[in-house]
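Report on the structure given below.
Quick note: the coordinates plus some simple rules give every number you see, no bench work behind them. Computed from a predicted model, the values in this text were never measured in an experiment. Every residue, glycine as well, gets a Cβ built from its backbone with ideal geometry; the counts of neighbours run over all protein chains shown.
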Amino acid sequence: MASNASRVLGPALCAPLVSSNLYEVSWSLYGVGAALALVVAAGITLFPYDLETERIPIVQSLSDGVRHAKGRKAAWQALLLVSFISIFGVSHVALTPSFTANSLGRSSSDFAWLGAATGLGALVGALAAGSFTAKSSLRRGALFAIPYSLLLITFSRVTDFTTAIVLQLFVGFFYIASFTTLQVVVQELIEEKFRGRVMSLFNIAWAGLVPVGTLIMGLTASSKGLGFGAADTIGLTSAICLCYISWVVARDIFKATRS
């Protein structure tokens, strides 16, 4: 929740500064915030921890996590789903400055308001997470991702800034609703001794693959790449995302009817 709150307060505070080209003030505030975070971190008291005598290489540790997750099919499918959505859905944020200028007719710096709206929706989704994670399942997490993809497709077609803000509120909500549900699915299925290894894979799938997605979207949208433009690229990648999610849901329903 704290992470999503920062996604609201940060862009909301800096949006007017960026719009006024006061970049130095924005970065100065970031520096102050980082310094305060260091002060808070310095006051944290850690409990004594005995290091494991056997050191496992990082690559082997991740490989063990992959093998364990594959042994729990729903957990592995949840990791794949999160990876796919991160690459073809979440990464659309890289195109919001261009989209704001070319499709919404606003200054590219106004994209910060879209980020604030997404963060606010995600914050509400995080607060409501407890109510829809009580019965978490792969299908439930995928179903939350369907409106997420549909909203992104709709977002790619709008030309009104206010409408885009409203859509991003719901995008943020269903984004967190889906990912939180899928995270619970993974947490419930893995063994305790593999928890750290598998959850590190989840974090890679969630945030670590976003740079890959932004590279793909940038090449697709850029005039030096495929030249689709920001709006069409967001629409295309969201449609790809929707197709994969729909296939995951259909496959899960088919397996359930056969069992």
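For a Förster distance of 51 Å, can you work out the FRET efficiency between the beta-carbons of T257 and V40, rounded to the nearest 0.05? Display every interim value, and only then the final one.
Numbers: r = 52 Å, r/R0 = 1.02.
Efficiency at R0 = 51 Å is approximately 0.45.
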In terms of the alpha carbon gyration tensor, root eigenvalues a ≥ b ≥ c, rounded if a/c is under 1.5 and otherwise prolate when a/b exceeds b/c or oblate, the chain is oblate
Could you tell me the number of lysine pairs in the chain with C-alpha atoms less than 23 Å from each other, where the two lysines are 8 or more residues apart or belong to different chains? 7
Among Y148, Y23, Y175, which one shows the highest mean-square fluctuation when the chain is modelled as a Gaussian network with alpha-carbon springs under 10 Å? Y23
Summing +1 for each Lys or Arg and -1 for each Asp or Glu, what net charge is found among the other residues whose Cβ lies under 15 Å from the Cβ of L17? -2
Obtain the nm distance between the two label points defined at C243 and K135 by a simple spin-label model: each point lies 7 Å from its Cα along the Cα-to-C-beta direction. 3.3 nm
Under a GNM of the chain (C-alpha, springs under 10 Å), which listed residue has the highest mean-square fluctuation: R106, R67, R139? R67
Compute the signed sum of charges (Lys and Arg +1, Asp and Glu -1) over the other residues within less than 11 Å, Cβ to Cβ, of S63. +2
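How big is Rg to Rh over the stretch 126-245, alpha-carbon atoms, Rh as the Kirkwood inverse-mean-distance radius? Write down the numbers at each step before the final one.
Working: Rg = 16.2 Å, Rh = 15.8 Å.
My calculation of the ratio gives 1.03.
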Using a Förster radius of 45 Å, what is the FRET efficiency between S20 and Q187 based on their Cβ-Cβ separation? Nearest 0.05, please. 0.55
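Counting each DSSP H run of 4 or more residues in the chain as -39500 (n - 2.57), what helix-only mean residue ellipticity at 222 nm follows after dividing by all residues, to the nearest 500 deg cm²/dmol?
Numbers: 12 runs with 195 residues, N = 259.
Result for the chain: -25000 deg cm²/dmol, rounded to the nearest 500.
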Who wins for biggest fluctuation among V59, V18, V158 in a Gaussian network model of the chain, springs between alpha carbons below 10 Å? V59
